[in-house]
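Data first, discussion second: the structure below is written as structure tokens.
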Protein chains: 2
Amino acid sequence: MKKDYDPQKWEVLGSEYLLRRPWLTARRDHVRLPDGTENPEYYILEYPDWVNVIARTRDGRFLLIRQYRHGLGETRYELCAGVIDPGDASPEAAARRELLEETGYGGGRWRLLSILSPNASAMTNLSYTFVAEDVEPLTEQHLEATEDITVHLLSTGEVRSLLENDEIKQALMAAPLWKYFCQHSL
Amino acid sequence: MKKDYDPQKWEVLGSEYLLRRPWLTARRDHVRLPDGTENPEYYILEYPDWVNVIARTRDGRFLLIRQYRHGLGETRYELCAGVIDPGDASPEAAARRELLEETGYGGGRWRLLSILSPNASAMTNLSYTFVAEDVEPLTEQHLEATEDITVHLLSTGEVRSLLENDEIKQALMAAPLWKYFCQHSL
């Protein structure tokens, strides 16, 4: 390995869409690596960016949801989360909309905590996690027909225990939660 | 919302493979939710399980790699990682193999730190992260033709800084690293 060498961008020699559906866009790229090696079949999944919310009420409880996830075939605790829609003015606007729709909670003080990648090798999108402190119940849930979500208020100790036991299973949610707990020594 | 209700498993009414390639298997499920709502077009991506390694040398430095990732189009610091092959006797055997191939390091004391999901809604696989303390250089790198990876030893402070700044971009790597830093107060 040459000293000071850093792995360089691949060249795309060709690109073809295999699927373009509302919830799945798959592309095959023919790529050439810096050393000339070619890979005619590198798959990329295009997704819009996503948002998560670490929401806490005035008394310090964490607002989590439970939802069945068909990929794993399990129902678990999760952060409120969703997709940034074209109509959302910003990632924070999308996160505020998702929190209100899925839980009926809103208001409070918001800040961006992290921007992470679900899978940098094959997926094009990023996931923004916001912290919302002092949220309060504003309305009823407004779920879409295919959403089946329950809302839960958990103590700091309960969430820490979920994290320790990998019961917050989605890495995109566990990573910012651990960051928050680590930064606040919770 | 009924009290004590927990979101239940969906029923699969039909299932069809859209793509079955070595690196991408996509399936469309026709599903029925507990309330009877049907979704004829729910996409699932089937993947084998993955492994990550948080490897540290005897002097406490973290063994990271740099690799270009075509999904995001960026080269960043990462944990050594890979796919569990059918020939691997266990997730730990896969992790030991990947560490040796990608970095030439091995030995040391190993333990399982976390099992997380890349995307519980659409992906079927899990990611196992192992901690390997006191690893040492054993051989040269043995990279595949399409791997272009450099190896780096970073201090605890340098890795903490990468985490704080979201420069460990992959959530599947950031989550167990934060867990490790949080549990060890690093």
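Look at the dipole of the stretch B:74-169 built from charges on Cβ: of B:THR146, B:SER114, B:PRO86, the Cα furthest out on the positive end belongs to B:SER114. Length available on full extension from A:GLU144 to A:ARG111: 0.36 nm per residue minus the Cα-Cα distance, which gives 9.2 nm. Scoring A:23-33, A:115-125 by mean Cβ neighbours within 10 Å over their residues and listing the highest first yields A:115-125, A:23-33.
For the peptides A:132-143, A:37-48, the ranking by packing is A:37-48, A:132-143, with the highest mean count of neighbouring Cβ atoms within 10 Å listed first.
When the square roots of the Cα gyration tensor eigenvalues are ordered a ≥ b ≥ c, the ratio a/c for the stretch B:9-162 is 1.5 or more and a/b exceeds b/c, which makes its shape prolate. Quick check on the stretch A:53-124: take the gyration tensor over C-alpha atoms, sort the square-rooted eigenvalues as a ≥ b ≥ c, and tell me if it's rounded (a/c under 1.5), prolate or oblate. Judged from the Cα gyration tensor, the stretch A:53-124 comes out oblate (a/c at least 1.5, b/c at or above a/b). Residues of the stretch A:43-70 with an amide N closer than 17 Å to a point placed 7 Å from the Cα of A:SER15 along the Cα-to-Cβ direction: A:43-49.
For chain B, a crude dipole built from +1 on the beta carbon of Lys and Arg and -1 on the beta carbon of Asp and Glu, taken about the Cα centre, is about 360 debye to the nearest 20. Highest mean packing comes first when the peptides B:61-70, B:148-157 are listed by Cβ atoms within 10 Å, giving B:61-70, B:148-157.
Mean per-residue shielding of peptide B:18-27 is 4, counting Cβ atoms of other chains within 10 Å of each Cβ.
Take every Cα pair under 8 Å whose residues are at least 6 apart in sequence, average their separation, divide by the length of chain B, and the relative contact order is 21 percent. Placing a label point 7 Å from Cα along the Cα-to-Cβ axis, A:ARG32 is separated from the same position in the other copies by 5.4 nm, shortest listed first. Under 17 Å between C-alpha atoms is the cut-off here; go through the protein assembly as shown and count lysine pairs that meet it, provided they're at least eight residues apart or on different chains. Lysine pairs satisfying the spacing and distance rule in the protein assembly as shown number 7.
Three principal axis extents of the protein assembly as shown based on alpha-carbon atoms, in descending order, are 60, 46, 40 Å. Across the stretch A:7-22, coupling constants 3J(HN,Hα) worked out from phi with the 6.51/-1.76/1.60 Karplus curve, θ = phi - 60°, read x, 9, 4, 8, 8, 9, 8, x, 8, 9, 7, 9, 9, 9, 10, x Hz, and Gly and Pro carry x.
Computed from backbone phi, the HN-Hα couplings of the stretch B:105-118 come to 8, x, x, x, 10, 10, 8, 7, 9, 7, 10, 10, 9, x Hz, rounded to whole numbers (Karplus: 6.51 cos²θ - 1.76 cosθ + 1.60, θ = phi - 60°; Gly and Pro given as x). For the protein assembly as shown, the cysteines with no partner cysteine C-beta closer than 4.7 Å are A:CYS80, B:CYS80. Counting beta carbons within 10 Å around each of B:SER127, A:SER15, B:SER185 and listing the fewest first gives the order B:SER185, A:SER15, B:SER127. Note on the protein assembly as shown: with charges restricted to the Cβ of Lys and Arg (+1) and Asp and Glu (-1), its dipole about the Cα centre is near 500 debye.
Using 16 Å as the cut-off for backbone N distance, which residues of the stretch A:141-160 belong to the label zone defined by a point 7 Å from the Cα of B:TYR5 along Cα→Cβ? Within reach of a label on B:TYR5: A:141-152.
Dipole magnitude for the stretch B:135-186: about 360 debye, using +1 per Lys or Arg Cβ and -1 per Asp or Glu Cβ, origin at the Cα centre. Placing a label point 7 Å from Cα along the Cα-to-Cβ direction at B:SER185 gives distances to the equivalent points in the other copies of 0.9 nm, listed shortest first. Legend: mean number of C-beta atoms from other chains within 10 angstrom of residue C-beta atoms, peptide B:125-136, equals 1. Considering helices alone, the calculated mean residue ellipticity of the protein assembly as shown at 222 nm is -6000 deg cm²/dmol, with DSSP H runs of length four and up weighted by -39500 (n - 2.57) and normalised per residue.
Label points for B:GLU144 are taken 7 Å from Cα along Cα→Cβ. From this copy to the others they lie 3.4 nm apart, shortest first. Given axes a ≥ b ≥ c from the Cα gyration tensor, I'd like to know whether the stretch B:75-186 is rounded (a/c under 1.5), prolate (a/b larger than b/c) or oblate. Rounded. All Cα-Cα distances of the stretch B:141-186, cut into 10 Å bins from zero to the largest, leave 23, 45, 25, 6 percent in each bin in turn.
Read-outs throughout are calculated quantities, based only on the coordinates presented, and are distinct from any laboratory measurement. None of the values given here were measured: they were computed from a predicted structure. Note: ideal-geometry Cβ built from the backbone for every residue, glycine included; neighbour counts use all protein chains shown.
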